[in-house]
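Following: one structure in structure tokens, then a few remarks.
The values are calculated or read from the model by the stated rules, or taken from the named source; none is laboratory data. Treat the numbers as computed from the prediction; the structure is a model and nothing was measured. Note that we place each Cβ from the backbone using ideal geometry, even for glycine, and neighbour counts take in every protein chain shown. When the accessible area is computed, the model is the full protein with side chains, heavy atoms only, and any ligands, DNA or RNA have been set aside. Shrake-Rupley method; radii C 1.70, N 1.55, O 1.52, S 1.80 Å.
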Amino acid sequence: METFKITTFNTHHGKENDVKYSTEKFCEDIKSLNSDILCLQEVDAYSLRTKFSNQSKTLARYLDYQYHSSFVRFFGIGFQYNTIISRFPLSNIEQIILPSSKGAQRRIATRVTVETNAGPVIVINTHLHSDGKLKNKNDIAKNQLMYLTEISKEENIILAGDFNLAPVSVIPIVTTNGFIAPSEYKTSPACNPKNQIDWLLSKGYILENLEVSDQLASDHRALS
């Protein structure tokens, strides 16, 4: 059976706490994951803090991969995106605006078809609402996750991203809608991971040999 490696990673624009940003280190860290499909969140473009680079484009060129970036927000000194970078061709790209509440930050999901050697795979990359503290209910993120899993009717699909939700919140929602949700992969904070808020979910695929990365240039760790 053909296999591929998929990663979800909130890059935090490639910045470790108290460490000067380096484009070279950012690219090397992502390359070290040795992943075929990368679902990235909090990727910068034309920002002062990341030397005005387009991180998605720079990474894709560095890896010689294809990419698609979905605009999330303008934050005053640059733009922020969610990005899918893939060794395989991308097609049927769709942006999904997630339900929210008045005054909350805009949240989206990007749905693509990845034309892998094993056939087409539907991948959704997202970054759900954050209310600042994991112990809070974060009902907005729960509603967003419910919405995404309810509209994902396909038999074969992978949903990846930073959900800002712990297993106790994620598992009841996603299993109701037919997703497998591997848990106990602590990804946050990067310096001493205590919580899983970054997820790879699947319907129709076996997710095996999952692992959390070493600490890279971010405040999260990558899950592959």
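Structure data summary
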| item | result |
| --- | --- |
| Hey, Thr187 of a type in the set (S, T, N, Q) and surrounded by fewer than 19 Cβ atoms within 10 Å (Cβ to Cβ) or not | no |
| Odd one out for Asp198, checked against (1) open to solvent by 40 Å² or more (accessible area, probe 1.4 Å); (2) in contact with a Gly (Cβ under 8 Å, 6 or more places away or on another chain) | (1) |
| Count - residues of segment 192-213 that are assigned to a loop (DSSP other than H, G, I, E, B) and farther than 17 Å from Pro172 by Cα | 12 |
| Every residue from segment 160-191 that is farther than 24 Å from Gln105 by Cβ and either touching a residue at least 40 places away in the same chain (Cβ under 8 Å) or outside any helix (DSSP H, G or I) (or both) | Asn177, Gly178, Phe179, Ile180, Ala181, Pro182, Ser183, Glu184, Tyr185, Lys186, Cys191 |
| Members of segment 88-105 found to be closer than 18 Å to Cys39 by Cβ and not β-branched (Val, Ile, Thr), listed by number | Phe88, Pro89, Leu90, Ser91, Asn92, Glu94, Gln95, Leu98 |
| Which numbered condition Ile173 fails, given (1) at positive phi; (2) open to solvent by less than 30 Å² (accessible area, probe 1.4 Å); (3) of a type outside the set (D, E, K, R); (4) over 15 Å from the mean Cα position of the chain (by Cα) | (1) |
| Enumeration of residues in segment 139-159 that are in contact with a His (Cβ under 8 Å, 6 or more places away or on another chain) and not aliphatic (A, V, I, L, M) | Gln144 |
| Options Ser35, Ser70, Ser56: the member that is open to solvent by less than 10 Å² (accessible area, probe 1.4 Å) and assigned to a loop (DSSP other than H, G, I, E, B) | Ser35 |
| Residue selected from segment 188-224 under the condition acidic (Asp, Glu) and under 14 Å from the mean Cα position of the chain (by Cα), by the criterion farthest from Ala118 (Cα to Cα) | Asp219 |
| Hey, Gly178 over 18 Å from the mean Cα position of the chain (by Cα) and open to solvent by less than 30 Å² (accessible area, probe 1.4 Å) or not | no |
| Residues (small (Gly, Ala, Ser) and surrounded by fewer than 16 Cβ atoms within 10 Å (Cβ to Cβ)) located in segment 73-89 | Gly76 |
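A quick yes/no check of all residues on (1) among the aliphatic types (A, V, I, L, M); (2) modelled with pLDDT under 95; (3) more than 23 Å from Thr113 (Cβ to Cβ):
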{"position": "Val19", "(1), (2), (3)": "yes, yes, yes"}
{"position": "Ile30", "(1), (2), (3)": "yes, no, no"}
{"position": "Ile37", "(1), (2), (3)": "yes, no, no"}
{"position": "Gln41", "(1), (2), (3)": "no, no, no"}
{"position": "Asp44", "(1), (2), (3)": "no, no, yes"}
{"position": "Phe52", "(1), (2), (3)": "no, yes, yes"}
{"position": "Gln55", "(1), (2), (3)": "no, no, yes"}
{"position": "Asp64", "(1), (2), (3)": "no, no, no"}
